[in-house]
Structure formats: structure tokens, C-alpha cells
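Notes for the one structure printed next.
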Amino acid sequence: MIRFKVNGEPIQASIDPETPLLWVLRDNLQLTGTKFGCGMALCGACTVHLDGQPIRSCSTPVSACAGKNVTTIEKIGASAVGKRVQQAWLDADVVQCGYCQSGQIMSAVALLNTNKNPSDADIDAAMSGNICRCGTYNRVKQAIKMAASPSAAAPAAAPAKAAPSKAPAKQGA
Amino acid sequence: MDFSKMNLAQGIDTPVAAVAKPSRRKFLQSSAVLGGGLVLGFYLPLRDRLAHAQPATKAVPPNAFLRIGKDGSVTVQVKHLEFGQGVMTSLPMLVAEELGCDWTRVKSELAPAGAAYAHTMFGMQMTGGSSSVVNSWDQLRTVGAQARTMLVQAAANQWKVKPEDCQVDNGMILGPGGKKLGFGAVADAAAKLPVPEKVTLKPASEFKVIGKPTKRIDAPDKVNGKAKFGMDLTTKDIPNLHVALVLHAPMLNGELESMNADKLKSLPGITHVVQSGRFVAVVGKSYWSAKKGRDALEAKWWVDPKAPKPDSARLKREYSQAAAKPGKVAKKVGDPALVKTAAKSVVAEYDFPFLAHAAMEPLNCTVHYKGDSAELWVGSQFQTPDQGAAAKVLGLPPEKVKLNTMIAGGGFGRRANPVSDYIVEACEIAKEVKVPVKVIWTREDDMKGGYYRPAYVHRVEAGVDAAGKIAGWDHHIVGQSIVAGTAFEGFLVKDGIDNTSVEGVADTPYDIPNFQCALTTPTKEVTSLWWRSVGHTHTAFVMETMIDELAAAAKADPVAFRKSLLAKHPRVLKTLELAAEKSGWGKAAPAGRARGIAVHESFGSVCAQVAEVSVEKGQIRVHKVVAALDCGLVVNPLTVEAQVQSAIAYGLSAALHGAITLKDGVVEQSNFHDYPVLRGNEMPLVEVHLVPGGQKPTGVGEPGTPPIAPAVANAVFALTGKRVRSLPMKV
């Protein structure tokens, strides 16, 4: 019997203690926001927080969670930083396919929880474990900066140097 | 919630209400035609009568593209796969432009396989060729205009006024004397009216939605974990859903000789073992039980000893030898032999490895076989062929196989397989076990799964005369045909030339007076597939690095040299000029860095890129990319910018890291440790500039990929004086 908490709620699991936390979340608790990407802690899609620390749930046996609290993407918005990060992700229109984004957001929240004003290098260091095959990395960085200081970064709707919004709107006119 | 009642082999007992209870089967019902409100039926073009391959039992036929609820909500059925490119937003924008609805009330759903959803150019439902917006451009604006006409007519009838005296504004119909009705209020009445045959579409000067930077409709559910990918189906969605993991032969073309499943008997949670000639599937109640079962399996595989064992080193040698001999001529202009008279000439050989698609979501397919019918849930780029392939395996007519399109975690061509490999496999398993089953490929299965961008070798002899003009260009491409042996062969292979092998060379926009492109197509040894931008992945690299070499040989500026060859192609010229201007071409790069440029036309669009590169401790670092894109008329600038960034990241990933190698028929890579992909700390800052003035949309998803590798290679040359002729790049 393994006792731990998921998103603040107590869980008692009679389960193979080697079962990766990822599959307890996805199959047993049906919390499918946490994604399976590689199974070897190489891509970050399965990132959750264990007592606030970002971990790769695909390679963390559920036994390692005993007595601890797991936070997933489904509840990260309950914290102020989590809510701000999710909003910044929308404001910067970050997502494409979206499959990696739960993990990206969990890593970003963990970063901002310990570093309120990360530099580009801090972001690179904290986020390089999260692969995005759609290549949303520019907007991920932009969103983290927006979440760190909401008034400082321009929203994606008015990208400073990209896609001049007036040009396409007037095309063919 | 009582998890102990969930019939999981490895359950969790006595939990507290840990998780918010979702509305049961909400997801499954979402694509059904809803009662109440109005269902507007449109069938465009005239290919088909039914969207859902089921008889229309109601007076109002089931809706193909648009549903307007009594509450005024507007739901657009998206016929293409959403796998990152933004069709769940850009396609509804086309409808909304003409409909005149309130954008905040627009919802987007992925359409199931259905004849009404056929691609208007290719005649089957599919997503590829950067054509989702292109082929929907007239179709979906027409849908919106027809619906608007019917809603206005219904309101006019109710008010007893002329429809010409009514207007539409933001989901409301406005009549004479301040009359006002919402779309929802007249939806029922509008449904009973005939669909107008002719509608007039707005000129671009009146666009309010098209061209406006619009945030993605699918984003909120992708930042809070609610978005449901194929991988995410559970017993909440499909009761009694099982999970299968599949053991494949380690070598391509391996066949099962024998297996021993004895060790599985002592493992909990395993319900079935399915054996086929090509695989063994272990089916269980959860991923982990199926995975442990698969890991415990012992299997022996057999390969025909007479068959060649694909080996990438051997193939490269053979391709290189073939490249030095004459090939089949795909394009000839003037006398290419005049290259021998060049004052300065270059003979260069280029090689490109096999590449895996490596989408974030490993392949998966869920099938429920019910004996006389079946249902599939899959993130498919090829709904029509996949539905047909499933029907064949299951022994059912296609109309008895419902294929639900799931949003997909990337695809890049891997989910558009003419032989429907993983879908066929899932159906074979489902037919045996007769319970709903989700077949999951692990990352390793996906990486070793045997469908790759083929390896190629190019050999080019080209030169300039004493005046610096190109004297001749003799180009020979060697590589497997992607489409040979598939249903696409008749369409894409003409006179022995697979167009996907030579596109980007044979149709080069450069004005080269003496030019030849030849092709040698060796026997297919490695199963292969299109990969984001297909042939342009390698042809753009050779064209754009060789042009750069000739510019250097002519002692000309790379931009000026290209411009001198592009007089007949103003779009290419203009895009090149825009990238050069915005990048500060001609001005000094920051210390320790150099710039390289490339321009390439693909999928009806032109993309030029300037890469700013440094080489530090033997590592190529791309700091910045300035991209210019002419994709015709822009529907959603936010998505276009995102797609160019995405295409650059995807191409750069392959240019710096990507290589699948085979030894003795076995793929040597398995996961992201030995098939590394671009990470955030390697991503350049990408600036995107759009060429204005387009009349119609052209491709967006792929045209950004081809130029990045040659732009970086040309920057590496500018920095080091060394030419890159082999990918992935090494310095």
C-alpha cells in the first residue's frame, strides 16, 4: 500500500511499486493531461511536481511518491504562478500540436517558483529538458517572460518584428 | 469516485474524490449530430451526399461543415487533422468571414472520416502538402455565405421584409426599423430553406476576420490538460478499453518464427496475447501491465537469408557509385555538357541520411470491433485510406467503419501512410480480442517503426564561365522512391521519375541555360515516407549550397548572384530581397558570427531565410534566423508566424542532429538519446516577415523547412571557408 497525494487529494494504492507515476496518473486516475513521450526522462512531456519539484513521472516509480504530494497540469492553475503561466501561454499563443505543453508549463512554473525573473540563460537551462517537435521554443520563452513580469513582454498578437499585422490584413485590397 | 469499481487490474483502493468527475462520454458524443437547434446541410463540392457514411434519416440532412445552435453557437466541422498547424482556427475563420458570426461563439470539432470531407484537390480526406487552407479557401467561404443567406432569408420571412433590406453583424441579423434577431433564433427556420446555389463571396478589401491575427481556438484545452489526444482515451471515454503493446521484429522485414509467452502467465493484468506473422501483441488492462508482459515475451524472428539486409553505410556507397554513372533524365535544358567548358567548376557529392519523424505523441490507434461494425479513434492524416484499410482488415464495408479523427501530437507525414501500417496492425489486434483496444507504440517502437525519409546522394557538376555566368549544371539524384509500390505511384511517378525525388531541382526557378537533372531510383530496401516538405528536404540543400559555391566561384555576392538568375520569377526575387533587407544583408554580422542565405519555392509558396551562425568549440550555433515568406493571402498571421518558426525548428533539428542508421537490417536508434532533436537552448530567435499582396492563400506548413539547412551551411562556409555537403552537419 502506497499512500500519497495527487493534487492535494489522498490516494492509497495497492499497486506494483515499480509502476511509473505517469501510468498511475494516466491509467488509474485517468488524469491524462500528463503525457507519455519517451519513457526515459528524455523529453519532459510527463513533467509533474513532486512536493513542488519538477520530476519526470515516466521514470519515477510510484513508490517514490509515498508520503508526498504530486501536482499535475490539471491543478497547476490553482497556484498564482501556475495560473499566470497558463494565461501567458494563451496570451503568447504558444501551443501548436500541444502534446508537450503540459510538461513545458510544469517546468516553467517550477522555474518561476524559484526564480522570479529568469534570464534567457536561466530559461534555456530550466527548459532544455522539454522537447517540442513543433518548435514553439521562441513563444515558450516569450510566455515565461510575460508570466514573470506581465507588463514587460509584448503579447504575441502584436509581435514586434514578425508578421506585420497590417500587411496581411490589407492584402488584396 | 470509487476507483476500485473501475475494473482495473492494478487499481487504487479507497481513494477520496481526487479528481473532478468529467461528464461521462462527453467526448464521444461531441461528434454526433445534436438534437435541437439547427443543422445546416451543405455538400460541397458535388462529390457526395453524406458526411458520416450513414443514411440521412431526418428531413434535414446531417451537417457536413456547420452547425448553428439555438443558443447562437457556431460549430465548424474541421475536415483536416489538427496536429499543430492550426486548422481548428484557420478553417473556421474562412466560414466566419462570410457567415458574419460572433467569433467568440465559434467552436471547432474534428470531422470523422466522411466522403463530404474529401480534399477538394485530391478527392480523398487527407491532410498534407501544406494544402488545408488552400483547398478549403473557396469551399468554406461558400459554406459561410450560404448559411448567412439562409439565416437572412429566414429572418426576412419572419419580418415580412426583403432580404436585401437586412444585414448581418456579429451573429445578429439586422432588419429595417431596428429589427434584430440572433442567428440562434432563426436557425430552425433557416434549416428548412433551400441551400442557395449561387452566392457572391466578399472581395478581400472587405475582410474582417481573414488576415486578422487570431488566437488559437484549441489553445485553452491544451494549457490545462483537457485536450484529448488519441493517446488519452480511457475507460471513461470507451468502457472496457484495453491497452495493447506490440513486440515487433528488431529487423525490418522480420517474420515471427516462434514465441514463448509462458512468463506472461504469472503476470497480472494481461488478458490476451495476439500473434501475427509480423508481431506479437500483449493486451492488458493498463499500459504498465501490457508493457511488463511485452518485456517478458521471448520471440524468435526469421528473415529471408537471400533478401538484402538494409545497411545505411552500404547504401551510401552504392548510391555514390550510381551517382557517378548516368541516370534517367528528369529535366534537360540546353547542353549540360557545356559545364566541361567552364572556367571554374565544382564537382560535389552530397549525402543525406534516413530521418525519423519523431512526433511528440508516439503512434497509437484505438479500435472497437463489434462484429458487424467497428469504430476507430486515431490522429490520422489519411482518413479515407485509413478507413478503407481498416475495413479490409476487419472484413467490413467501409461505411460500417466509423473513423473518429483525434487531435494528434504532431505527425509531419508519419500519419499519412499509404499502407496504413499502425492502423492495420491495431485492427488485426482488435479483430482477435473483440474488446475495445488502444494500441500504443512506445517511443522505441515509433523510432524503429520503419517508415523514414529516404537517404539520398546527389552529385553535381557545375561551373561558371570567365564572365561569372553559369556555364552548365549537371545534377544526378540517387534515392529510393517514396511512393513506389503504393497507391500514389500512378499519380506521382511519371515515366519512371518519382516527382517527390526531384522536386526542387528539376523545377528550379534559377535561369540556368545548360542544365540537367537526372534520377536513379534504387530498389526499395527501407520502408519510407514523406517527411515535412518531402523532396525539398534534400533538393533545396543542394541547390542553395551549390548556387552559393558558384557565387563564390564568380566572386559575386550570394544575394546579387541569385538575383541575376531570377528575373523570370518575381515572387522568388521579391521574397529573397525582403529577407536580405530585413536581415541587414551586406552589413557586418556581430563579431564571431556570419550570415548565410537560402531561398526556395515549395507548396506554392516561397521562403527565404538568413541564418546568423557561430561555431564554438566545434559546435554550430544558430543565433538568429530572419525569414521572409510569400504564402499568398494570409489567413491568420499568428499561425503563419508560428508555422515558419516550427518549420525552421524541424529542419534545423535534422540539419544539426538527425540521422537514422541501419546495420544488418536493424535500425540503430531508439529514443531521443541516440536520435537527438532540437532543444530550446539550441533554438534561434526567428523573425518572420510576410510578403504582402497575395490574392489567394498558398502553402504554409512546410515551405519554411527547406531553406534553413542550406542557409546555415552557407553561413558556416562564410565563417570557416568549409563547405558542408553531408547532413547532419559536422564542422
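Every read-out reported here was derived from the displayed coordinates using simple, explicitly stated rules and does not represent laboratory data. This structure is a prediction, so every number in the text was calculated from the model and none was measured. Note that we place each Cβ from the backbone using ideal geometry, even for glycine, and neighbour counts take in every protein chain shown.
Values as computed for the structure displayed
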{"item": "Distant-in-sequence amide H partners of A:CYS134 (H built 1.01 Å from N, under 5 Å)", "result": "none"}
{"item": "Net dipole in debye of the stretch B:365-488 [+1 Lys, Arg Cβ; -1 Asp, Glu Cβ; about Cα centre; nearest 20]", "result": "260"}
{"item": "Cβ crowding within 10 Å averaged over residues, with B:322-333, B:662-673, B:486-497 ranked highest first", "result": "B:662-673, B:322-333, B:486-497"}
{"item": "Local electrostatic count, A:HIS49, Cβ distance below 14 Å [Lys/Arg +1, Asp/Glu -1]", "result": "+2"}
{"item": "Coil-residue chymotrypsin sites (Phe, Trp or Tyr not before Pro) of the stretch B:66-162, DSSP, other Cβ within 10 Å capped at 15", "result": "B:PHE122"}
{"item": "Sequence of B:TYR350, B:TYR369, A:TYR99 once ranked by neighbouring C-beta atoms within 10 Å, starting from the fewest", "result": "B:TYR350, B:TYR369, A:TYR99"}
{"item": "Exposure proxy ranking, count of Cβ atoms within 10 Å, fewest first, for B:VAL134, B:VAL106, B:VAL610", "result": "B:VAL106, B:VAL134, B:VAL610"}
{"item": "Set B:LYS306/B:LYS392; B:LYS265/B:LYS291; B:LYS285/B:LYS438; A:LYS145/B:LYS582; B:LYS574/B:LYS730 screened for pairs whose C-alpha atoms are more than 22 Å apart", "result": "B:LYS306/B:LYS392; A:LYS145/B:LYS582; B:LYS574/B:LYS730"}
{"item": "Those GluC sites (Glu not before Pro) in the stretch B:337-443 that DSSP places in a loop and that have at most 15 other beta carbons within 10 Å", "result": "none"}
{"item": "Exposure proxy order (Cβ contacts within 10 Å, fewest to most) of B:MET406, A:MET146", "result": "A:MET146, B:MET406"}
{"item": "For B:VAL424, net neighbour charge (Lys/Arg +1, Asp/Glu -1) across residues whose Cβ lies under 11 Å away", "result": "-1"}
{"item": "Among beta bridges that DSSP assigns inside chain A, antiparallel share in %, nearest 5", "result": "85"}
{"item": "Viscosity 0.692 mPa s, temperature 37 °C, Stokes-Einstein D of the stretch B:135-205 from Kirkwood C-alpha radius, µm²/s", "result": "261"}
{"item": "Residue-averaged beta-carbon neighbours from other chains (10 angstrom radius) around B:214-221", "result": "5"}
{"item": "Under Karplus coefficients 6.51, -1.76 and 1.60, residue-wise ³J(HN,Hα) of the stretch A:40-47 in Hz, glycine/proline x", "result": "10, 6, 9, 10, x, 5, 9, 5"}
{"item": "Of every Cα-Cα pair in the stretch B:338-443, the percent that sits beyond 15 Å", "result": "65"}
{"item": "DSSP-defined antiparallel bridges as percent of all bridges, chain B, nearest 5", "result": "75"}
{"item": "Kyte-Doolittle at least -1.0, axis length at least 30 Å by Cα - qualifying DSSP helices, chain A", "result": "none"}
{"item": "Phi-based couplings in Hz for the stretch B:467-476 (Karplus 6.51, -1.76, 1.60; Gly and Pro marked x)", "result": "8, x, 8, 5, 7, x, 8, 10, 10, 10"}
{"item": "Relative contact order, percent, chain B [alpha-carbon distance under 8 Å, six or more residues apart]", "result": "13"}
{"item": "Gyration tensor verdict on the stretch A:76-131 (Cα atoms; rounded if a/c is under 1.5, prolate if a/b is larger than b/c, oblate otherwise)", "result": "oblate"}
{"item": "³J(HN,Hα) computed for each position of the stretch B:118-125 - Karplus, 6.51 cos²θ - 1.76 cosθ + 1.60, integer Hz, glycine/proline x", "result": "4, 4, 6, 9, 9, x, 9, 6"}
{"item": "Whether the stretch B:522-646 is rounded, prolate or oblate, judged on the alpha carbon gyration tensor where a/c under 1.5 counts as rounded", "result": "rounded"}
{"item": "Three principal axis lengths of the stretch B:592-731 [C-alpha, angstrom, descending]", "result": "51, 39, 25"}
{"item": "For residues of B:284-296, the mean tally of beta carbons on other chains within 10 Å", "result": "3"}
{"item": "Chain B: C-alpha gyration tensor shape, a/c 1.5 cut-off, then a/b vs b/c", "result": "oblate"}
{"item": "As computed over the protein assembly as shown, the Cα convex hull volume per residue (Å³)", "result": "165"}
{"item": "Over chain A: helical MRE at 222 nm, DSSP H runs n ≥ 4 each giving -39500 (n - 2.57), nearest 500", "result": "-8500 deg cm²/dmol"}
{"item": "Sum of side-chain charges, B:PHE352 neighbourhood, beta-carbon under 13 Å (Lys, Arg +1; Asp, Glu -1)", "result": "+2"}
{"item": "10 Å Cβ neighbours from other chains, averaged over peptide A:18-31", "result": "6"}
{"item": "Mean separation of Cα contacts under 8 Å (6+ apart) over length of chain A, as relative contact order %", "result": "21"}
{"item": "Kyte-Doolittle mean at least 1.6, axial Cα span of 15 Å or more - DSSP H helices of chain B", "result": "B:708-720"}
{"item": "Trypsin sites (Lys or Arg not before Pro) restricted to DSSP loop in the stretch B:586-648 with at most 10 other C-beta within 10 Å", "result": "B:LYS587, B:LYS617"}
{"item": "Quarter of the Cα convex hull surface for the stretch B:76-119, i.e. its orientation-mean projected area (nm²)", "result": "3.3"}
